[in-house]
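Here is the structure we will look at.
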Amino acid sequence: MNVQGSLREQEKLEWSRRAAENKPLRRIRCPRCGFYLMDVYGSDHCLVRVKCRKCKFNETIDTALFRTVRPGRRKTYGREL
Ligand SMILES: [Zn+2]
């Protein structure tokens, strides 16, 4: 087992939660069929392997390029309750 990983698991979770608080939420959907895949925080480039359960899409995507565009909505980060 990874000693460093197991010892600092709680700290890593805490850090991740705080880091996500100030970042815009990005909903990643399948590029092919639009099926919901995951939530990503922030606009940084991050490569993830996605596997769609619906259409079997299986590719590596850059989360910065697959942002969800919500038509009819302006920038309302932090104002939605
Ligand atoms: Zn799909």
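Filter the stretch 53-65 for residues that are surrounded by 15 or more Cβ atoms within 10 Å (Cβ to Cβ) and more than 9 Å from the ligand (Cβ to nearest atom) and give the result. Reasoning before the result, please.
Pass one, the stretch 53-65, residues surrounded by 15 or more Cβ atoms within 10 Å (Cβ to Cβ): 57, 61, 63.
Matches in the stretch 53-65: Ile61, Thr63.
Could you list, in sequence order, the residues of the stretch 28-54 that are hydroxyl-bearing (Ser, Thr, Tyr) and in a strand (DSSP E or B)?
Residues satisfying the conditions are Tyr36, Tyr41.
Among the numbered criteria (1) modelled with pLDDT under 90; (2) surrounded by 11 or more Cβ atoms within 10 Å (Cβ to Cβ), which one does Leu81 miss?
So Leu81 meets the others, but not (2).
How many residues does the stretch 42-52 contain that are surrounded by 10 or more Cβ atoms within 10 Å (Cβ to Cβ) and within 16 Å of the ligand (Cβ to nearest atom)?
Residues flagged as surrounded by 10 or more Cβ atoms within 10 Å (Cβ to Cβ) and within 16 Å of the ligand (Cβ to nearest atom) within the stretch 42-52 amount to 4.
Cβ contacts < 6 Å: first residue in contact (Cβ under 8 Å) with a residue 40 or more places away in the chain and closer than 17 Å to Cys46 by Cβ, restricted to the stretch 18-34; second residue surrounded by 13 or more Cβ atoms within 10 Å (Cβ to Cβ) and among the hydrophobic types (A, V, I, L, M, F, W, C), any location; separation 6+ or different chain. Result?
Listed by first residue and then by second, the contacts come to Arg26/Val40; Ile28/Leu37; Ile28/Val40; Ile28/Phe66.
The values are calculated or read from the model by the stated rules, or taken from the named source; none is laboratory data. Everything quoted here is computed from the prediction, not taken from an experiment. Note: ideal-geometry Cβ built from the backbone for every residue, glycine included; neighbour counts use all protein chains shown.
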